[in-house]
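Novice: First the structure, then my questions, so here it is.
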Amino acid sequence: MGEAEWLWAVATCVKALLIPTYRSTDFEVHRHWLALTSALPLARWYSDASAPCCPLDYPPLFAYFQRILALPATALGGHPSALLRLAPSSPSSAPLPVLIYLRLSVAVTDLVFLLAAARLAHRRLPPARRRLVLVLLLWSPALLIVDHIHFQYNGYLLGILLLSLSFLEEGKDLAGGLAFAVLICSKHLFLVAAPLYFVYLLRHYCRGGSWEASRRFLTMGAAVGAVFAAAFGPFLYYGQMQQVLSRLFPFGRGLCHAYWAPNFWVFYIVLDKVLSFVLLKLGFDIPAPKASFTGGLVGNFSQFAVLPQVTPLITFLLVIFAMSPCLIKAFQKPQPKHITRWVAYAFTCGFMFGWHVHEKASLHFTIPLALISVDNLDDARHYFLLSIVSCYSMFPLLFDLQEYPIKVLLLAIHSILMWIGFSSCFRVGVAPGGTKTNNSSASNGKQGFIGKFGTIYLLGLLGVELWGQLLHPYIFGSRLPFLPLMLISIYCAAGMMYSWVWQLMQILKCS
Amino acid sequence: MAKTRARRPPATAFVAAEEELQPGAALFPWSTMRLTPPTAAAVALFALLVRVLVSLGSYSGQGTPPMYGDYEAQRHWMEITLHTPAAEWYRNTTANGLAYWGLDYPPLTAYQSLAHALLINASLPQSLALSSSRGFESHQSKLLMRWTVLSSDLLVFFPAAIYFVWVYFQRNVGGDGEERSAPWFLAMILLNPSLILVDHGHFQYNCISLGFTLGAIAAVLSRNDFAASALFSLAINHKQMSLYFAPAFFSHLLGKCLRRKNPIFEVMKLGFVVIGTFALVWWPYLYSIDSVMEVLNRLAPFERGIFEDYVANFWCSTSVVIKWKRIFTIHSMKFLSLITTILAFLPSFVRQLKAPSDQGFLYSLLNNSFSFYLFSYQVHEKSILLPLLPASLLALQEPLLFGWLMHCALLSMYPLLCRDRLLLQYGAVLSLFGLIFFPPHGNHVTKADKLSTKEKALIALGLSCSIVLHLVYLCFQPPKKYPFLIEALIMFFCFSQFVAFTIYTNIKQWMLLDCSSWAVRVKKDL
């Protein structure tokens, strides 16, 4: 048994033990999709409105994936009625066989992630670094929290993303592009990186003379087109396209989710609140905003009191603008060795400035960034901070006391393993990147490795958690329940902002 | 730590060690030999995580009135200790009906219940209300109860395990010229699946008494005999079952005292420590002989019979052929089991008395506890945890034996854990143990290619037997005439293995070379 398989098997044992934990409404959503896709004809998948809680709003390839997942359940018999019942039920009251079946389906489809991680680690890294990257990927606490407690299928989707990246790094552009097409036909949140993929493939794959270039362009177009045709074709045939698109892009939602994802807009909202408060005190007449930003309900447009209103178009333009440095770099000099960094940066931009972003979306760049975290000490430092912030920002997903020790322990173990791994990786004088590293970094204690600024920031994170768990209930009781959550959002947003700026600087630096 | 490193021989023919020399290789707990504070923390936190995850499962007697199970017993003791004075804890009163889970562990367990009761009472008093809370079950109270076990484990067993591993390498107990991975050793002690399942699944507080025992063992190895006597007295005062280890401690400490200048004075000093600790713990009952006897009677429930359920010991296994319960009265049965137990541990006892050594001490702990498990009165399945503790301490010397014993111990508790609906946790923790037992790149101690074909075949045979037993118990409905047929089969299998172990480890203890004995070591040190 190789190390990757061993790590995966250990993680699978932990995943099995996580089966009885809390699951969010996403559990019921996915169960309902299983029932929906197996009970209804394809033409009605996207138009069915029998369950208002969970309309199918993922692209068709994911719907097919759910249909396939329902097959063994129908073949096995057992409790198909409970698993594949269309009527909605509460996720906490799911019968044990249903629970085990769905939880295990996540654990088993994680094999795609294992495959991609092992492939990447073995082809790209020297043996000494392999182990560390595998630990970062396969034992990612954020992925465990989102997939195996909260309940989603990110492991399988991120596996496809990693596969695509590994193809691109090896120069197999066609396969890379194809994998990415499959990915966006499975979850359209990954669409953010499409401009980058387009520019990169256009410049890197479609090269040569004009004849060769156009031949390659057509090949790629045909391949990607085929994936899209396979995904959307049946719905086009049934005249469901309009319905599908309206489900996929529900712009009726607010700018921010109920719990603010730690991104740029947190500062924008806070600034607006502060300004309106100050102006009110100064005697200006300011119309009070109608809806609360923490609502995040469908059709509930967020209103700002002082600052200009934000529309989906503005966020779209802002994302493209933020992404432009890496688009330009990819256009000028498309290099396979930079593609992972660029893709991660593109996802970071989407996370920082996008419309109605979920905190879970930070996985889209923390997972690919794990691959380059061992390149040099600076990357390691950045990753150490980013991965802790990203995982911590997911803590509010699990609010029950029962899961509290689990999430804390997961993050603590991850931090210690990162600490052990990075400090033993960089204890030698010169790292492979050629950068001179601090010789005494390992013996210097934590400060030598992450620096003063990072240490203070992480201690602050601890302070935020202590405030939310102990001091806030002690001082305010049950009043102002949103304050600790807001604090987490703002504090993590600061860390995310730092990560975004840092990544931007790295991209500008290396040409 | 630096001292430990200096004493350790250089590790060479070992894959992980080679990688350690590679620049930039990550020194994760499974790929390094050294136990540094971060590695120890990683192992300990992971062990804690596994405990937290197992504690999500159901507990014994969940939702089964009127008697429930061990969980309700512990909750009831909290209720009693919280609301009645200490003098009445072991007495049948209107508030404390002894027929309903009367306290039958020594006073330290009662104090521990009181401490936990005070904590729980602060946030959920209705779960401990006198009388009215019988059978109280709720999500929150389960969580709080689980956290009391987790915190006890963290406060007692974890420090003891780390202390033991540290002492083990500092004193070089395993002998020279051996390549050993300290983090792996710590993981073997902390990730004991049987202990985790019984404490955090079934619901008990074995971690406290076993933790005190482990601390006492470490103290013996570090030549701190007073601390050892005090800690072991605490262990006995938490669960009287810790007496399984008493002959080993007694013979080892006595053997060492006899080699000193003033043997009688030395023995008296240790005796005072033991008596002092006992007096402290028993203080509320020392006002009269009657009250002491009242407690003692509660601790020795002879009326419950020689064995319970299907425990893989001598009396239960042979009762299929010889109906012990019919042939002998309770009184003669008591006597018979006492004699056989003494006979069983006598060889190991004599050996330690004559030539006390560190390694011999660990073996004698195993042999003593096994002789009690196999032959003493009123043993139940969970008592296998006691021999498992010293077995895990021998994990570096007898890796395969330890792994196999762990597996048999789990199998012997399999029907019990199935009844507690902990099958999922059982499977996950067993696989986890197997994975960590065989880390990637192969630990030298568990390398399969060292074995001969014969041994491999034997292991394969044993494993397939166990897999068949596991599956048959789950899927096969026993004939109506013999409803406990499969339990009995599991019991026979485990009993045969346990007997083989005891014979092997007894021989092994006798074969240990005299040069490693304590007397010689002292001369060297001088």
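Novice: Report yes if some residue within the range A:113-126 is farther than 30 Å from A:PHE426 by Cβ, among the small types (Gly, Ala, Ser) and within 14 Å of another protein chain (Cβ to nearest Cβ); otherwise report no.
Specialist: no
Novice: Within the range A:366-383, is there a residue that is surrounded by 22 or more Cβ atoms within 10 Å (Cβ to Cβ), outside any helix (DSSP H, G or I) and not hydrophobic (A, V, I, L, M, F, W, C)?
Specialist: Within the range A:366-383 (the criterion being surrounded by 22 or more Cβ atoms within 10 Å (Cβ to Cβ), outside any helix (DSSP H, G or I) and not hydrophobic (A, V, I, L, M, F, W, C)), the answer is yes, since at least one residue qualifies.
Novice: Go through the range A:220-229 and give me each residue that's touching a residue at least 12 places away in the same chain (Cβ under 8 Å) and over 14 Å from A:PHE198 (Cα atoms).
Specialist: Across the range A:220-229, the qualifying residues are A:VAL227, A:PHE228.
Novice: To continue, here is another question. Here are A:ALA193, A:ALA175: which of them is within 26 Å of A:PHE249 (Cβ to Cβ), at pLDDT 90 or above and among the aliphatic types (A, V, I, L, M)?
Specialist: Working: A:ALA175 fails: within 26 Å of A:PHE249 (Cβ to Cβ).
Matching residue, one of A:ALA193, A:ALA175: A:ALA193.
Novice: Next question, about the same structure. Tally up the residues in the range B:272-306 that are out of contact with any Lys or Arg (no Cβ under 9 Å at 6 or more places or on another chain), surrounded by 16 or more Cβ atoms within 10 Å (Cβ to Cβ) and not in a helix (DSSP H, G or I), please.
Specialist: Of the residues in that region, 1 qualify.
Novice: Show me the helices (runs of 4 or more DSSP H) entirely contained within the range A:84-185 in which 1 or more residues are within 27 Å of B:THR32 (Cα to Cα) and touching a residue at least 12 places away in the same chain (Cβ under 8 Å).
Specialist: A:111-124, A:127-138
Novice: Among what's in the range B:241-265 and is of a type in the set (S, T, N, Q) and surrounded by 15 or more Cβ atoms within 10 Å (Cβ to Cβ), pick the residue that is nearest to B:LYS382 (Cα to Cα).
Specialist: B:SER242
Novice: Kindly indicate which of B:LEU299, B:LEU221 is touching an Asp or Glu at 6+ places or on another chain (Cβ under 7 Å) and within 15 Å of B:TYR377 (Cβ to Cβ).
Specialist: B:LEU299
Novice: Shifting gears a bit: Only one of (1) of a type outside the set (Asp, Glu); (2) in a loop (DSSP other than H, G, I, E, B); (3) at pLDDT 90 or above is not met by A:TRP467, so which one is it?
Specialist: (2) is the only condition that A:TRP467 fails.
Rundown of residues vs (1) surrounded by fewer than 17 Cβ atoms within 10 Å (Cβ to Cβ); (2) closer than 21 Å to B:GLN62 by Cα; (3) touching a strand residue (DSSP E or B) at 6+ places or on another chain (Cβ under 6 Å); (4) not small (Gly, Ala, Ser), yes/no style:
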| position | (1), (2), (3), (4) |
| --- | --- |
| B:ALA86 | yes, no, no, no |
| B:PRO106 | no, no, no, yes |
| B:ALA110 | no, no, no, no |
| B:SER123 | yes, no, no, no |
| B:LEU128 | no, yes, no, yes |
| B:GLY135 | yes, yes, no, no |
| B:SER141 | no, yes, no, no |
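Novice: Also, I was wondering about something else. Name the single residue, out of those in the range A:15-57 being small (Gly, Ala, Ser) and within 24 Å of the chain's Cα centre (by Cα), that is farthest from the other protein chains (Cβ to nearest Cβ).
Specialist: At the first step, the residues of the range A:15-57 found to be small (Gly, Ala, Ser) are A:16, A:24, A:35, A:38-39, A:43, A:47, A:49-51.
Checking which are within 24 Å of the chain's Cα centre (by Cα) leaves us with A:16, A:24.
Numbers: A:ALA16: 4, A:SER24: 16 Å.
If we take residues in the range A:15-57 being small (Gly, Ala, Ser) and within 24 Å of the chain's Cα centre (by Cα), then A:SER24 is farthest from the other protein chains (Cβ to nearest Cβ).
Novice: B:MET511 fails exactly one of the following numbered conditions: (1) at pLDDT 85 or above; (2) in contact with a helix residue (DSSP H, G or I) (Cβ under 8 Å, 6 or more places away or on another chain); (3) within 30 Å of B:LEU221 (Cα to Cα). What is the number of that condition?
Specialist: It fails just one condition, (2).
Novice: Turning to a different aspect of this structure: Which residues, taken from the range A:390-419, are more than 9 Å from chain B (Cβ to nearest Cβ), of a type in the set (A, V, I, L, M) and free of Cβ contacts under 8 Å to residues at least 40 places away in the same chain?
Specialist: A:VAL408
Novice: Considering only the range A:230-245, state which residues are at pLDDT 90 or above, over 24 Å from A:ALA179 (Cα atoms) and part of a helix (DSSP H, G or I).
Specialist: A:TYR237
Novice: Based on what the data block shows, is B:GLY434 under 29 Å from B:ALA47 (Cα atoms) and at pLDDT below 90?
Specialist: no
Novice: In addition: Quick one: would you say A:PHE235 is buried (at least 19 other Cβ atoms within 10 Å of the Cβ), in contact with a helix residue (DSSP H, G or I) (Cβ under 9 Å, 6 or more places away or on another chain) and either more than 21 Å from A:TRP33 (Cβ to Cβ) or among the hydrophobic types (A, V, I, L, M, F, W, C) (or both)? Let's see the steps before the verdict.
Specialist: Values: buried (at least 19 other Cβ atoms within 10 Å of the Cβ): yes; in contact with a helix residue (DSSP H, G or I) (Cβ under 9 Å, 6 or more places away or on another chain): yes; either more than 21 Å from A:TRP33 (Cβ to Cβ) or among the hydrophobic types (A, V, I, L, M, F, W, C) (or both): yes.
Judged against the criteria, A:PHE235 is a match.
Novice: With the range B:36-152 as the region, which helices (runs of 4 or more DSSP H) entirely inside it contain at least 3 residues that are within 14 Å of another protein chain (Cβ to nearest Cβ), among the polar types (S, T, N, Q) and more than 30 Å from A:SER424 (Cβ to Cβ)? First the steps, then the outcome.
Specialist: On the way: elements: B:37-54, B:70-83, B:107-123, B:139-152.
Of the helices (runs of 4 or more DSSP H) lying wholly inside the range B:36-152, those with at least 3 residues that are within 14 Å of another protein chain (Cβ to nearest Cβ), among the polar types (S, T, N, Q) and more than 30 Å from A:SER424 (Cβ to Cβ) span B:139-152.
Novice: If you don't mind, there's one more thing I want to ask. Would you check which residues across the range B:222-232 are surrounded by fewer than 20 Cβ atoms within 10 Å (Cβ to Cβ) and within 19 Å of B:ILE162 (Cβ to Cβ) and list them?
Specialist: Of everything in the range B:222-232, those that are surrounded by fewer than 20 Cβ atoms within 10 Å (Cβ to Cβ) and within 19 Å of B:ILE162 (Cβ to Cβ) turn out to be B:SER222, B:ARG223, B:ASN224, B:ALA227.
Novice: To continue, here is another question. Kindly indicate whether B:LEU471 is assigned to a helix (DSSP H, G or I), at pLDDT 90 or above and of a type outside the set (D, E, K, R).
Specialist: Taking the combined requirement at face value, the residue satisfies it.
Novice: Of everything in the range A:97-111 that's away from chain B (no Cβ under 14 Å) and surrounded by fewer than 19 Cβ atoms within 10 Å (Cβ to Cβ), which residue is nearest to A:ALA4 (Cα to Cα)?
Specialist: A:LEU111
The values are calculated or read from the model by the stated rules, or taken from the named source; none is laboratory data. Keep in mind that what you see is a predicted model, and the values were worked out from it rather than measured. Cβ coordinates were reconstructed from backbone atoms using ideal geometry, including for glycine residues, and neighbour counts include every protein chain displayed.
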